[in-house]
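In what follows, a single structure is set out as structure tokens and then discussed.
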Amino acid sequence: MSPDIEARRRWMGLLARAGHDAIEAQLSAAPPLPPHARLRGPETGLVMLRGRAGGDGAAFNLSEMTVTRCAVSLADGAVGHAYVAGRDQRQAELAAVLDAALQDPARRPALMAAVIEPLAAAEAEARAAQSRKAAATRVQFFTMATMR
């Protein structure tokens, strides 16, 4: 895959996992987003989650999940898409607009520095905090075995 596809996958993942409040907080320090027209949505619906027994068995329908999607277009013709878990329509629209704006090489560096990188840093810190919390409850079974 090209580096642009990997970069887009990264920023779309971050935008899908961040809430609209976190995105808006980062946008306050960013250059203004370009005007956009909605092509679709934001619309909320259900998607079927499929699973496999043991990871490689026959596929089965596991459950349904609420998802909100949005598609926008900018005046320059760039089209942005977003799918987010849950019902947050504002998050879906912001993610779609940012997706379209980040596809423009002229806008990308400023938006990456002001929005995407801070969101990535916040996500990494949250994961590290969760890892530290889990590590604090770790049981050392080796110690228990030598106490006989």
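The values are calculated or read from the model by the stated rules, or taken from the named source; none is laboratory data. Model, not experiment: these values are computed from the prediction. Positions of Cβ are generated from backbone atoms using ideal geometry, with glycine treated the same way; all protein chains shown enter the neighbour counts. To get the accessible areas, we keep the full protein, side chains included, count just its heavy atoms, and leave off ligands, DNA and RNA. Shrake-Rupley method; radii C 1.70, N 1.55, O 1.52, S 1.80 Å.
Descriptive notes on the structure:
- Cβ pairs under 8 Å, 6+ apart, first in segment 1-16 and in a helix (DSSP H, G or I), second open to solvent by 80 Å² or more (accessible area, probe 1.4 Å) and at pLDDT 95 or above: Ala16/Tyr83
- Condition met for Ala58 (modelled with pLDDT of 95 or more, over 20 Å from the mean Cα position of the chain (by Cα) and farther than 19 Å from Glu123 by Cα): no
- Residue check for Ala75: of a type outside the set (Lys, Arg), within 30 Å of Ala110 (Cβ to Cβ) and buried (at least 18 other Cβ atoms within 10 Å of the Cβ): no
- Residue check, Glu64 assigned to a strand (DSSP E or B), among the acidic types (Asp, Glu) and surrounded by fewer than 16 Cβ atoms within 10 Å (Cβ to Cβ): yes
- Listed by first and then second residue, the pairs with beta-carbon distance under 6 Å, at least 6 apart or on different chains, first residue in segment 74-86 and farther than 17 Å from Pro32 by Cα and outside any strand (DSSP E or B), second modelled with pLDDT of 95 or more and open to solvent by less than 50 Å² (accessible area, probe 1.4 Å), are Gly86/Thr66.
- Residues of segment 82-93 that are surrounded by 18 or more Cβ atoms within 10 Å (Cβ to Cβ) and closer than 16 Å to Arg8 by Cβ: Ala82, Val84.
- For the condition of a type outside the set (Gly, Ala, Ser) and under 15 Å from Gly19 (Cβ atoms), Leu102 does not qualify.
- A Cβ distance below 7 Å, combined with a sequence gap of six or more or placement on separate chains, defines the contacts here; from segment 35-51, residues that are over 13 Å from Thr66 (Cβ atoms) and open to solvent by less than 100 Å² (accessible area, probe 1.4 Å) reach residues that are modelled with pLDDT of 95 or more and of a type in the set (Lys, Arg) in the pairs Gly41/Arg69.
- Restricting attention to segment 63-91, the residues that are touching a Lys or Arg at 6+ places or on another chain (Cβ under 6 Å) and either at pLDDT below 95 or small (Gly, Ala, Ser) (or both) total 1.
- All positions within segment 11-24 that are open to solvent by less than 60 Å² (accessible area, probe 1.4 Å) and farther than 14 Å from Cys70 by Cα: Trp11, Gly13, Leu14, Ala18, Gly19, Ala22, Ile23
- In segment 94-138, residue most open to solvent (accessible area, probe 1.4 Å) [restricted to those that are among the acidic types (Asp, Glu) and more than 16 Å from Ala30 (Cα to Cα)]: Glu125
- Members of segment 29-61 found to be of a type in the set (A, V, I, L, M) and part of a strand (DSSP E or B), listed by number: Ala37, Leu39, Leu46, Val47, Met48, Leu49, Ala59
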